[in-house]
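The values are calculated or read from the model by the stated rules, or taken from the named source; none is laboratory data. These numbers come from a predicted model, not from an experiment. Methodologically, a virtual Cβ is constructed for each residue, glycine included, from the backbone with ideal geometry; neighbour enumeration extends over all protein chains shown. All accessible areas refer to the heavy atoms of the entire protein, side chains included, with ligands and DNA or RNA removed. Shrake-Rupley method; radii C 1.70, N 1.55, O 1.52, S 1.80 Å.
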Amino acid sequence: GMMASVGHTRWAAALFLMGVGQLLNLSIYRAIGKDGVYYGFKLGRPVPWCTAFPFNVGFRHPQYVGGMLSQLGVFALIAMPATLRAGLLAIMAW
């Protein structure tokens, strides 16, 4: 199948991207909780201010970076000439 044709290097890159992405996402929940992740502060819920990991790695919105890294990991696995011709790049960019 399509996934069997993906080489070891692409698998490693994809797993690395998805792993780092999900680490950032999980770390967000641990740092500021569900209310912080889902904008509970706009509903009057207390959300702790956090300057520790993952907010100390050099970008303001680690949850968005984590989501994007995870998406790039999936893209690394499924990007092939046939899927690109079918419009995968446009869908991933949207």
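A few remarks follow.
- Single condition Thr51 does not satisfy, out of (1) modelled with pLDDT under 90; (2) farther than 23 Å from Gln71 by Cα; (3) among the β-branched types (Val, Ile, Thr): (1)
- Listed conditions (1) in contact (Cβ under 8 Å) with a residue 12 or more places away in the chain; (2) under 19 Å from Trp94 (Cα atoms) are all met by Phe53, apart from (2).
- Test: residue in segment 11-22 that is open to solvent by less than 90 Å² (accessible area, probe 1.4 Å), polar (S, T, N, Q) and part of a helix (DSSP H, G or I): no
- Filter pass, Gly33 being at positive phi, modelled with pLDDT under 95, surrounded by 15 or more Cβ atoms within 10 Å (Cβ to Cβ) and more than 16 Å from the chain's Cα centre (by Cα): yes
- Total residues in segment 77-89, condition part of a helix (DSSP H, G or I) and either touching a strand residue (DSSP E or B) at 6+ places or on another chain (Cβ under 9 Å) or open to solvent by 70 Å² or more (accessible area, probe 1.4 Å) (or both): 4
- Taking segment 39-54 as the range and being loosely packed, with under 12 Cβ neighbours inside 10 Å and assigned to a loop (DSSP other than H, G, I, E, B) as the test, the residues that pass are Tyr39, Gly44, Pro46, Pro48, Trp49, Thr51, Ala52.
- Of all residues in segment 55-76, those satisfying the criterion of being more than 11 Å from the chain's Cα centre (by Cα) and either assigned to a loop (DSSP other than H, G, I, E, B) or exposed (fewer than 14 other Cβ atoms within 10 Å of the Cβ) (or both) are Phe55, Asn56, Val57, Gly58, Phe59, Arg60, His61.
- The residues of segment 58-76 that are in contact with a helix residue (DSSP H, G or I) (Cβ under 8 Å, 6 or more places away or on another chain) and either among the polar types (S, T, N, Q) or under 11 Å from Leu24 (Cα atoms) (or both), listed by number, are Pro62, Gln63, Val65, Gly66, Gly67, Met68, Leu69, Ser70, Gln71.
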